[in-house]
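Asker: Below: one structure in structure tokens.
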Amino acid sequence: MALHCPECGFVNPAGANYCQKCGAFLTDESRPGTTTAQYDLGETSESEQVATDSQTQPDGPSLVIRTGGRAGDSFTLDGERFSIGRDAESDVFLDDVTVSRNHAVVVRRTDGLYIDDLGSLNGSYVNRRRIESHKLVDGDELQIGKYKLTFLER
């Protein structure tokens, strides 16, 4: 059964967690007849159900990885500087040879968040255009190496 995005109305394939067009989280309301349960091991080593409403989506601007082995991972952009690269110390660690060690950075400026390419070999792209610096707006599609990410301004 196809899933309709509650934000933009895009029809997504069954089983999708995030909208392929805008990156919005596909809520339980967009999945009729399905529920999610999370379990935790208690002190007696028996599983105990954890209420899922205690888990909330991050507040504020974020990046959601849309492709690759880490698809669905979300990163809240709550600092002044947010590094993206193949270096294990990067805030968004993308482990692939198509990504430079220090590929790009998201920086907070007086008029908003910007992504700046750091001279990477393969470049940084926003909405399929190669950029050196770009002011991010809600729904922007970033491409860093083989990874596609969506910028969400929540």
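We did not get these values from a lab; they are worked out from the coordinates using the rules stated. Quantities reported herein were computed from a predicted structural model and do not represent experimental measurements. Glycine also receives a Cβ, built like all others from the backbone with ideal geometry; neighbour counts cover every protein chain displayed.
Asker: Roughly how many nanometres apart are two label points built 7 Å out from the Cα toward the Cβ at Thr110 and Arg130?
Answerer: Distance between the two pseudo-spin positions: 3.2 nm.
Asker: Give a quick list of GluC sites (Glu not before Pro) in the range 52-154 that DSSP marks as loop, anything other than H, G, I, E or B, with at most 13 other Cβ atoms within 10 Å.
Answerer: Filter output for the range 52-154: Glu80, Glu89, Glu132.
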